[in-house]
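Since the structure comes first, as structure tokens, the remarks are kept for the end.
The values are calculated or read from the model by the stated rules, or taken from the named source; none is laboratory data. Everything numeric here is computed off the predicted structure, so don't read it as measured data. All Cβ positions, glycine included, derive from the backbone under ideal geometry; neighbour counts span all protein chains shown. Note: accessible area is taken over every heavy atom of the protein model, side chains too, but ligands, DNA and RNA are not part of it. Shrake-Rupley method; radii C 1.70, N 1.55, O 1.52, S 1.80 Å.
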Amino acid sequence: MYIRHNLGKTGEEIAEIYLIKNGYKILERNFSCRQGEIDIIARDIKEIVFVEVKTRTNKKYGEPIDSITYYKKKHLIKSIQFYLYLKKLDNAFIRIDIIEIYKKDDGFLIKHTKGAVLSKWKHC
């Protein structure tokens with residue numbers, strides 16, 4: 001478990017660097033509440049972006065985005081609702097993104113899916 005935890009934290013750090021390089025402002029990392037956890041909360045121009053980061057070393061068990069279960073989606077959405085309530089951001093424009101990090105021998109490959117709720121999460 002320790003190695004997977006380290007891999008996940010490394011993935012989140014890489015995702016944060018990637019987002020900053022692409023003009024995002026990081027607002028919070030690892031926001032945690034009773035409903036769940038949000039890996040990264042950032043601002044992209046006029047939107048608040050809630051980012052779920054999935055890091056893998058291979059595709060043995062499928063794409064990282066596919067590992068986000070119905071229950072994870074539900075907890076993520078509840079966590080986002082709580083964050084918006086807590087920060088009094090009722091009228092904010094928001095987006096949920098998925099960043100998949102693949103660890104390769106010579107570095108990392110990043111796949112960024114913007115607006116994941118609309119494209120991949122139609123059943124939630």
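Taking a probe of 1.4 Å, how large is the accessible area per residue of the chain, in Å²? Before the final figure, lay out each step's value.
On the way: 8080 Å² over 124 residues.
The answer is 65 Å² per residue.
Going from most exposed to least, what order do R95, R43 have by accessible area with a 1.4 Å probe?
Final ranking, largest accessible area leading: R43, R95.
D97's amide H: which non-local residues (gap 5+, or another chain) put their own amide H closer than 5 Å, with H modeled 1.01 Å from N in plane and none for Pro or chain starts?
Under 5 Å from the amide H of D97 lie the amide H atoms of F50, V51, E52, G115, A116, each far enough along the sequence or on another chain.
Give the carbon-plus-sulfur fraction of the accessible surface of the chain in %, rounded to a whole number; probe 1.4 Å, heavy atoms of protein chains only.
Exposed carbon and sulfur together represent 53 percent of the surface.
What ranking of D106, D66, D44 comes out by heavy-atom accessible area, probe 1.4 Å, highest first?
Correct descending sequence by accessible area is D106, D66, D44.
Modelling each spin label as a point 7 Å along the Cα-to-Cβ direction, I'd like the D105/E47 distance in nm, to one decimal.
3.7 nm
Working out 0.36 nm times the residue gap between Q81 and T10, then minus their Cα-Cα distance, what length gain in nm do you get to one decimal? Before the final figure, lay out the partial values.
Values: separation 71, 0.36 × 71 = 25.56 nm, distance 2.67 nm.
The span from Q81 to T10 would gain 22.9 nm if fully extended.
Determine which residues of region 4-46 fall in the zone a paramagnetic label at E63 would reach in this model, i.e. backbone nitrogen under 17 Å from the point 7 Å along Cα→Cβ.
Flagged as within label range: none.
Taking the Cα atoms only, what angle lies between the long axis of helix 2-21 and the longest principal axis of the chain, rounded to 10 degrees?
The angle comes out near 60 degrees.
Once phi is turned into θ = phi - 60°, what whole-Hz ³J(HN,Hα) does the Karplus curve with 6.51, -1.76 and 1.60 give for every residue of region 63-78, x standing for Gly and Pro?
Calculated HN-Hα couplings, in order: 5, x, 4, 6, 7, 8, 6, 4, 5, 5, 4, 4, 5, 5, 5, 5 Hz.
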